[in-house]
């Protein structure tokens, strides 16, 4: 609901930021606990689409 009403660039920019926070190799301490395909250290942009992943704050 927030993405649709308040974010000007739809959900792709917010989702990429969330992916970076969920990848254990991006930050020293992951901020989000993710389940699903969040990419690999060899190709960090290889994460799955939003409908195939789940996340919660850690």
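Nothing in this text is a laboratory measurement; each read-out follows from the coordinates by a stated rule. Predicted model only: the values in this text are computed from it and were never measured. In this analysis, Cβ positions are derived from the backbone assuming ideal geometry, glycine residues included, and neighbour counts consider all displayed protein chains.
When a/c is below 1.5 the answer is rounded, else prolate if a/b is larger than b/c, else oblate, so apply that to the range 2-57 with a ≥ b ≥ c taken from the square roots of the Cα gyration tensor eigenvalues.
Details: a/c = 1.83, a/b = 1.62, b/c = 1.13.
Judged from the Cα gyration tensor, the range 2-57 comes out prolate (a/c at least 1.5, a/b above b/c).
Placing pseudo-labels 7 Å out from each Cα toward the beta carbon at residue 11 and residue 48 gives an inter-label distance of 1.5 nm.
Post the alpha-carbon centroid distance, the range 37-53 to the range 18-34, in whole angstrom. Cα centroid to Cα centroid, the span is 12 Å.
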